[in-house]
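One structure below.
No lab work stands behind these numbers, since they all come straight from the coordinates. Remember, it's a predicted structure, so these values are computed and weren't measured experimentally. Note that each Cβ is placed from the backbone with ideal geometry, even for glycine, and that neighbours are counted across all protein chains shown.
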Amino acid sequence: MKKAGILLLIVGIVGLAYFGYEAIQQSESFEVLGVDVAVSTANWMPVIISGVIALIGLVLVVAKKGSRVS
């Protein structure tokens with residue numbers, strides 16, 4: 001379980017970095033009354049999903065096995 005958690009954590013962090021960078025780069029700017037306004041046109045869903053995957057991986061890594069009663 002711990003190995004799966006580490007894998008999910010790594011995949012989630014890489015996804016956050018990649019999709020986060022892509023989302024930041026997808027912005028358009030225009031001028032309104034002499035002020036530059038930047039509007040993001042990115043799809044933030046991959047960033048959110050990557051964050052959830054990283055969080056699940058973190059929970060699996062730090063979770064302790066419960067004692068089993070036989």
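Centre-to-centre, using Cα atoms only, region 29-49 and region 1-26 are separated by 22 Å. Per-residue 3J(HN,Hα) values for region 24-35, derived from phi via the Karplus relation 6.51 cos²θ - 1.76 cosθ + 1.60 with θ = phi - 60°, read 5, 6, 8, 9, 10, 10, 8, 10, 10, 6, x, 10 Hz in sequence order (x marks Gly and Pro). Listed options for Cα extents along the principal axes in Å are [x] 42, 26, 20; [y] 29, 25, 19; [z] 73, 17, 14. The value calculated from this structure is the one marked [z]. Taking Cα atoms only, the orientation of helix 45-62 departs from the longest principal axis of the chain by about 30 degrees. Of the chymotrypsin sites (Phe, Trp or Tyr not before Pro) found in region 1-62, those in coil by DSSP whose Cβ has at most 16 other Cβ atoms within 10 Å are 44. Overall, the chain carries a charge dipole of about 1040 debye about its Cα centre when +1 sits on the Cβ of Lys and Arg and -1 on the Cβ of Asp and Glu, all other atoms neutral. Within the listed set 34, 20, 57, the Gaussian network model of the chain (springs between alpha-carbon atoms below 10 Å) gives the highest mean-square fluctuation for 34. Put in order of Cβ neighbour count within 10 Å, fewest first, the listed residues 29, 50 become 29, 50.
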